[in-house]
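The values are calculated or read from the model by the stated rules, or taken from the named source; none is laboratory data. Computed from a predicted model, the values in this text were never measured in an experiment. Ideal geometry is used to build each Cβ from the backbone, glycine not excepted, and the neighbour counts take in all protein chains shown. Note: areas computed on protein heavy atoms with side chains; ligands, DNA, RNA excluded. Shrake-Rupley method; radii C 1.70, N 1.55, O 1.52, S 1.80 Å.
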Amino acid sequence: LYSVLDAGNFFVIPGSPADVWAVEAYSKSHEKYQLRKENGFLKDEIVVVVVGSSFFYNELSWDYAVAMHDVGPLLIKYARRNSVEGSFKFVFLCGNSTDGYNDALQEVASRLGLLEHSVRHYGFNGDVNGVLLMADIVLYGSSQVEQGFPSLIVRAMTFGIPVITPDFPIIKEYVAEGAQVIFFQKDNPEGLSRAFSLFISNGKLSKFARTVASAGRLHAKNMLALDCVTRYARILENVLNFPSDALLPGPISQLQQVSWEWNLFRKEIDLGTGDILNMDEWGTSTSSRNSSVVDLLEEEFTKNITENENRSADQDTISELDWDVLHDIESSEEYERLEMEQLEERMDGTFASWDDIYRNARKSERFKFEANERDEGELERTGQPVCIYEIYSGSGAWPFLHHGSLYRGLALSSAARRLRSDDVDAVSRLHLLNYTHYRDILCEIGGMFSIANKVDNIHKRPWIGFQSWRAAGRKVSLSISAEKVLEETVQETEGDVMYFWAHLDMDGGFTRNNNDVLTFWSMCDILNGGHCRTAFEDAFRQMYGLPSHVEALPPMPEDGGCWSALHGWVMQTPSFLEFIMFSRMFVDSLDALNANSSKVNSCLLSSSELEGAGTPGQRLGLSQWTKNGVLGSALWFSTRAAPDRTT
């Protein structure tokens, strides 16, 4: 019912061993013919139990009126007179036994001219399992289409009772015609009479009826298991994400024959304990209720809650004395506040000049405006897969900076930060940059260090990029169409990939003739005054602890590819953090080569030192030539495009 009425909020898993479990437990303590004797049924009488839809378990509704119409010909044929074909008793299982339903059925029986006591009524507030166990035939007489397999039919089949039911799709899905049950066409009394006659032979149950009952009992035990297990498997398949090194389970389609693990239930069934054995699904007691661990825990928990609530209610009650104490406290605080205000008025104070007052007011307005700008900028970037930080160090770069949700400024100096923007202040995120000495040495790499420092506080997107303000001045920045292509590409890209759009020949700092054959290291030497190879080799040797006879320079490809320049690139955020981790080690190694070896100093770029910095010269004493681009070369050798690929 939940699946049909509200498919958006419920995923219903049909099938449960509860009904079979309850029937098997009930059968261990009750005997069929003893129950018939106690309820006034003779041993040779044919007892036919008529049940209806679960919609109307608690009332004698039109559903049973329709059932009476269909069953009417059977009643007239088998319950109107005593015949040689045997004695038949029809039992209607519905409603409540104390609401006069039995009188209503007896009135219908008298109008049809039926024999006295040939039609009886049992309510759901009685022993439902006992009524089903007494039956010789169970007739599902409802015309209401069910959404789930009727629970009473499962119980009747488990008791070994032959069942006659309408040909509803939900029932035909689980049982076979003529094998486990007998079907008849809905609202067809003649079809019902023909189906009923198959179960009767010479006033007794036919051999065919006993065969159907036996097959139905075996089938009902695990009838719903496959559907239930398959639904649970489908949930796990849609919810669980397995790691790449896990052995994946087989597909659901391989599930062929599934049965309940009855050996796990057997002990509980033999003991006859547990709520599921003592209470059926309509809240009706089917045996003496035994105390279980769950019952004891629930009783103790309920008792503790009640005691705590009573204690809390007593404590929360406010007395008149409490109100008086509260009033005295408030009066005392008010008196002290007024006294302090009067004292402050009598004290001499230093008055600021009008210029100071005006400057503080303007500063407050600016901070308020910048906070609003930052909030609007974050709102614009919501849902963006990538953010490109444009690095700049002075107000002269402002005209070359971009606006929009894709870009965000990164100021290397607090004084150079644009006022009406949500640009990132690199100095506030990495206090080392507050010193001009370090800021001039690190250059744009310092801005990247500041973003990587506690990156989750400022950047929560899967991709990150950087672009120098010089890229726009040299007309090598992204065009509008390229921005759209980049955003679409990164959403579809998987794996460790990097994209860049400004190669070495476009940065304006180096041009070569077509006849020149230059390697990466020769180009790096030209751009850095001939110190590139030496600096890299010594830094790598120091960084990895390589002996003197081992080549320290990594071999670079010489196939005509392009090298990135001007820091115009994007990569996945985890890859960026790995690159920054390497760059911090490289910078520290390069710094150690020029530091005073007799003085032990800590690394200012370690995770414990990123919150603040010491005095200039304490460490990071890089030589002057590193300022012009050796640190940038650390990025160049890891960002390169193949000659047969446009990036």
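Extending 7 Å from Cα along the Cβ direction at Glu116 and again at Arg461 yields two label points whose distance is 9.1 nm. Amide H to amide H, with H built 1.01 Å from N, Val47 comes under 5 Å of Lys89, Asp136, Ile137, counting only residues 5 or more places away or on other chains. Only Cα pairs under 8 Å and 6+ residues apart enter the sum, and on that basis the relative contact order of the range 421-512 stands at 20 percent. How high is the FRET efficiency from Leu577 to Thr382, r the C-beta distance, R0 22 Å, rounded to 0.05? After rounding, the FRET efficiency stands at 0.50. Where the accessible area of the range 16-221 is counted over protein heavy atoms with a 1.4 Å probe, how much of it, in %, is carbon and sulfur? In the range 16-221, the share of accessible area belonging to carbon and sulfur is 50 percent. First check a/c for the range 16-221, with a ≥ b ≥ c the square roots of the eigenvalues of its C-alpha gyration tensor; if it is under 1.5, answer rounded, and if not, answer prolate when a/b is larger than b/c or oblate otherwise. It is rounded, given that a/c, with a ≥ b ≥ c, falls under 1.5.
With a threshold of 23 Å on the Cα-Cα distance, the over-threshold entries among Lys89/Lys207; Lys172/Lys204; Lys454/Lys484; Lys37/Lys89; Lys89/Lys221 are Lys172/Lys204; Lys454/Lys484; Lys89/Lys221. Note on Leu593 and Asn238: with the Förster distance fixed at 56 Å, the Cβ-Cβ geometry gives a FRET efficiency of about 0.50. Stretching the chain fully between Leu226 and Asp355 yields a gain of 38.1 nm (0.36 nm per residue, less the alpha carbon separation). Heavy-atom surface analysis with a 1.4 Å probe gives the range 395-463 a carbon and sulfur content of 50 percent of its accessible area.
Going 7 Å from the Cα of Glu31 toward and past its Cβ, which residues in the range 195-229 have a backbone nitrogen under 15 Å from where you end up? No residue qualifies, since no backbone N sits under 15 Å from the label point. Straightening the chain between Asn125 and Val258 buys 44.4 nm, computed as 0.36 nm per residue apart minus the Cα-Cα spacing. Sorting 429-435, 25-31, 452-458, 299-305 by average packing, meaning the other beta carbons within 10 Å per residue, from highest down gives 429-435, 25-31, 452-458, 299-305.
Each peptide in 333-340, 568-575, 468-475, 579-586 gets a packing score, the mean of other Cβ atoms within 10 Å over its residues, and the list from highest to lowest is 568-575, 468-475, 579-586, 333-340. When a/c reaches 1.5 or more, the comparison of a/b and b/c decides; with that in mind, is the range 388-447 rounded, prolate or oblate per its Cα gyration tensor? It comes out prolate by the Cα gyration axes. Applying 1/(1 + (r/R0)^6) with R0 = 51 Å to the Cβ-Cβ distance of Thr302 and Glu492 gives a FRET efficiency near 0.35. Accessible area per residue for the range 118-196, computed on protein heavy atoms with a 1.4 Å probe, is 29 Å².
Averaged over residues, the count of other Cβ atoms within 10 Å places the peptides 542-550, 392-400, 239-247, 44-52 in the sequence 44-52, 392-400, 542-550, 239-247, highest first. If the chain linking Glu334 and Asp103 were pulled fully straight, counting 0.36 nm for each residue of separation and taking away their Cα-Cα distance, it would gain 75.3 nm.
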